[in-house]
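Just below is one structure, and these are the notes that go with it.
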Amino acid sequence: MILIRPSTFAVFLALTFSVLLHEDAHAAADNGGEAGQRPRIGLVLGGGGARGAAHVGVLKELERLRIPVDAIAGTSMGAIVGGLYASGMSANELEELVNTIDWTGTLSDKPERRDLSFRRKQDERDFPINFELGVRDGDLLLPKGVIQGQKLDLLLRELTLSTSHIKNFDDLPIPFRAVASDIVAGEAVVLGSGDLAKSLRASMSVPGVFSPARIDGRLLVDGGIVGNLPIDVMKGMGVDIIIAVDVEFPLYTSEELESVLTISEQMLTIMIRKETLRQIETLGDQDVLIKPKLGVYASSNFADIAETMEPGRVAVVEQHRRLVDLSLSPEDWNTHVTQRSVVPRENEKLAFVRVVHDEKLASRVFESRLNVRAGDPIDAARLAQNANRLYGLQLYEHVGYQLVEEDGGTGVEYRATAKSWGPNFLQFGMALEDDIEGSTSFNLAARLTKAGLNRLGAEWRTDLQLGTDPTIRSEFYQPLSFDSRWFFAPRMEAGQSNLNVFSDDRAIARYRLSEGDLGFDVGRELGTIGEFRVGVYRGAGSARVKVGDPSLSSLEFETGGAFARLRVDSTDSSSFPRDGVFGDVVWNLSRPGLGSDYKFDTVEGDFSRTFSRGKNSFQLGLRYATTLSSDNTVQDYFPMGGFLNLSGLERGEISGPHAALARIIYYRQVGDTTGDLFETPIYLGVSAEAGNVWQTRSAIDFDSMRINGSIFAGVDSYFGPVFLAAGFAEQGEMNVYLFIGALPR
């Protein structure tokens, strides 16, 4: 028999109970802590634009310390980072995303040019000002935001595709809440269910910058307006300890308040900061506030966004003492990470493909542009590519997609949202060419497009140009099939321009040419890269002496004939292309039987090929124009001279019935602007040009070619490309140009 003293027995029971508790704690940890044996930790990530990338650094250090996150609430950029982390991405994956994403492209609506229809490519080339007004019932309408969020939406959709079937955010690998603001009611909206990608987009919709997101009938904008650090939301998610990360912009000092801009920023910061401080005051002694030292790093500075991650990591290191007790053992941490991983979709195929829209266009018009079909694998890149093809119609402020579970299968639903400022649109263009010595050409133009006039997608566009070359033109474009391949287009055009006339290579007069015609065309689109059309026309005009011997006779003439035209444009930019082909060939037949005074033909061709290596781009170009059967119809002379069109000569300084030009252009992008939201790239370049005009075809030879060239600096601005250039001719002539408008062709 063994005798045990009472005190010894008590110690034995205590040790036994302690061991059991220790084993239960490990069991609870192996089950993600749901048994309550470790505190539940909630992470609150505040808004701050580009400053919010510091949250990635915070997450990286929390993972290094093996500190689990059991719930996340975020606002704006905090919602983006937190939502992606909650959906299963790791901190390392988030870091790679921040480092590799094209922020300039993502935070813009400009579609890739390859996705534009050919008519929209024409709009972009002819009217390059990046601004569109809506016209409805005689009123001018503005978009609801500078950025509609097309590319950002598709990126968020791709990044959350693996959890797109989860509608309750409590069922995500980590329970999650996003905070947005109801711009109508002026109150906070906590998003805890629905479409995760759309919720993230709503939470960061900065008013005036991004258009609002509509969810469940509510118009939602950036949550930072009412709750930039949603600690109160986290308190409602049943956590024991809160880690809150504040990345708000600091208040300016009195010395820094030097302009109306900084004062306006200060006012907005004060309003947001007041609510944030109230939230911070509710933190308990067990909670941790992390405030990365970001200084005055701008919330719009996406060019250097990766620089904010390290301050986020350092801020966690500084709180190491308070956080270390929350760390899991390596074994428990591995279990926790495994439990929050997401099983990827593998070999899953689309059960159906459909398009939902709210316009007059027939669904078959949309379907003709899609190359994804039922039975295809679920591929985020391909689904996004097709959304961009629909967006390339430029009739919608947003085209997105969503995976839909229906009848036991998963399909894709594309949803096109009509422009709230439509259905009629005004675009603008400006062209200025000034040689600094008094010769100036200036034109201001606008295009009104009445789009979606019927189920086939008819449109009526009218152009008005005022200035040196006043012009008015109008065309009704009617597709003949749902795929918009064949079309007919009645049209009219009237305009004026200047034309120099020569005798023995000597300018003897400048005529003011006035001309107008009516026409009817039939054609076929060549996918998104080109168009072929033929047509007939009838018109009249006059040519009156503007400068020169007043005894020279003025001309009155009748025009009429037929034409065939082929245009191709696969360039990736209309301003400073890096790749692609541009071509335009026109054969015009003037015939007395169709109203012309003379029988003659003209042939015009313009071709260029651009290719690049690194930041260097090269463009090879060739132009040729000739008159067949006649050399005396002044109204059909071809002008030459001006920037990149024999740059050493004034604009239109020479003209004749036959013209040719060959040119080589080199330009280099200066500086690296990848990811910069507001900075505009600058280009430096040179050109070599050879060409001339001739009165007779027999006079065309290489010996009579004029050799010209230029050096230039260019910038792709809000108003289109802007050039400052100096042009040189072999005879010693020189011109300095300020040029604004589409790259001369």
**Request:** Could you work out how far helix 54-64 tilts from the main Cα principal axis of the chain, as a 0 to 90 degree angle to the nearest 10?
**Result:** 40
**Message:** Let's see if you can work this out: charge +1 on each Lys and Arg Cβ, -1 on each Asp and Glu Cβ, no other charges. What is the dipole magnitude of the chain about its Cα centre, in debye to the nearest 20?
**Reply:** 1200
**Fill in**
Note, Ala374: beta-carbon cut-off 11 Å, +1 each Lys/Arg, -1 each Asp/Glu, net +2
**Prompt:** Using the reciprocal of the averaged 1/r over all distinct C-alpha pairs, how large is the Kirkwood radius of the stretch 487-599 in Å?
**Reply:** 16.6
**Request:** Quick one: angle between helix 77-86 and the longest Cα principal axis of the chain, in degrees between 0 and 90, rounded to 10, please.
**Result:** 60
**Complete:** Sparse-neighbourhood loop hits (chymotrypsin sites (Phe, Trp or Tyr not before Pro), the stretch 118-224; DSSP loop; Cβ within 10 Å at most 15 others) -> Phe131
**Asked** Of Ala659, Met204, Val324, whose Cα points farthest to the positive end of the dipole of the chain (charges on the beta-carbon: +1 Lys, Arg; -1 Asp, Glu; origin at the Cα centre)?
**Response** Ala659
**Request:** Treat every Asp and Glu Cβ in the stretch 542-581 as -1 and every Lys and Arg Cβ as +1, leave all other atoms uncharged, and give the resulting dipole magnitude about the Cα centre to the nearest 20 debye.
**Result:** 40
**Request:** Report the one residue of Ala418, Leu361, Tyr401 whose Cα lies farthest in the direction of the positive end of the charge dipole of the stretch 346-477 (charges on C-beta: Lys and Arg +1, Asp and Glu -1; origin at the Cα centre).
**Result:** Leu361
**Request:** Report, to the nearest whole %, how much of the accessible area of the chain belongs to carbon and sulfur atoms, 1.4 Å probe, protein only.
**Result:** 57
**Asked** For the stretch 37-173, how big is Rg over Rh, using alpha carbon atoms and the Kirkwood form of Rh?
**Response** 1.10
**Request:** Report the percentage of all Cα-Cα pairs in the stretch 169-248 whose separation exceeds 14 Å, rounded to a whole percent.
**Result:** 60
**Item:** Accessible heavy-atom area order of His165, His357, His320, highest first, probe of 1.4 Å
**Value:** His165, His320, His357
**Request:** On a 0 to 90° scale, report how tilted helix 330-339 is relative to the longest principal axis of the chain, with both axes built from alpha carbons and the result rounded to the nearest 10.
**Result:** 50
**Request:** Decide, for the stretch 309-434, between rounded, prolate and oblate: order the square roots of the alpha carbon gyration tensor eigenvalues as a ≥ b ≥ c, take rounded if a/c falls under 1.5, and otherwise choose prolate if a/b is larger than b/c, else oblate.
**Result:** oblate
**Sequence-distant lysines (8 or more away, or on other chains) whose Cα lies within less than 28 Å of Lys110** = Lys121, Lys144, Lys151, Lys198, Lys360, Lys419, Lys450, Lys615
**Prompt:** Between Gln286 and Lys349, how many nm apart are label points set 7 Å from Cα along the C-beta direction?
**Reply:** 5.3
**Prompt:** With all protein chains present and a 1.4 Å probe, how do Lys60, Lys291, Lys121, Lys546 order by accessible area, largest first?
**Reply:** Lys546, Lys291, Lys60, Lys121
**Asked** Local charge sum around Gly411 (other residues, Cβ-Cβ under 12 Å, Lys/Arg +1, Asp/Glu -1)?
**Response** -3
**Prompt:** What accessible area per residue, rounded to a whole number of Å², is obtained for the chain using a probe radius of 1.4 Å?
**Reply:** 46
**Message:** Could you compute the net charge surrounding Leu140? Neighbours are other residues with a C-beta less than 14 Å from the C-beta of Leu140; K and R count +1, D and E count -1.
**Reply:** -1
**Request:** Kindly write out, for the stretch 287-300 in residue order, the coupling ³J(HN,Hα) from the Karplus curve 6.51 cos²θ - 1.76 cosθ + 1.60 (θ = phi - 60°), rounded to whole Hz, with x marking Gly and Pro.
**Result:** 7, 10, 9, 10, 10, x, 8, 9, x, 9, 4, 6, 5, 9
**Request:** Among Ser87, Leu142, Phe127, pick out the residue whose Cα is farthest towards the positive end of the charge dipole of the stretch 70-144, where Lys and Arg carry +1 and Asp and Glu carry -1 on C-beta, about the Cα centre.
**Result:** Phe127
**Message:** If you take every DSSP beta bridge fully contained in the stretch 141-296, what fraction is antiparallel? Give it as a percent rounded to 5.
**Reply:** 65
**Complete:** With 0.36 nm assigned to each residue of separation and the Cα-Cα distance removed, Val534 to Leu142 gains 137.4 nm
**Item:** Candidate values (1) 139, 62, 46; (2) 95, 68, 61; (3) 82, 58, 51, label of the one derived for Cα extents along the principal axes in Å
**Value:** (1)
**Asked** Separation between the Val547 and Arg382 pseudo-spin-labels, each 7 Å from Cα along Cα→Cβ, expressed in nm?
**Response** 6.1
**Prompt:** Rank Ser554, Ser108 by accessible area, highest first, at a 1.4 Å probe radius?
**Reply:** Ser554, Ser108
**Asked** Taking Cα pairs under 8 Å and at least six residues apart, what relative contact order does the stretch 220-297 come out at, in percent?
**Response** 49
**Item:** Probe 1.4 Å - accessible area at Thr338, Å² to nearest ten
**Value:** 100
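The values are calculated or read from the model by the stated rules, or taken from the named source; none is laboratory data. Quantities reported herein were computed from a predicted structural model and do not represent experimental measurements. Counting neighbours? That spans all protein chains shown, and the Cβs are built from the backbone with ideal geometry, glycine included. Note: accessible area is taken over every heavy atom of the protein model, side chains too, but ligands, DNA and RNA are not part of it. Shrake-Rupley method; radii C 1.70, N 1.55, O 1.52, S 1.80 Å.
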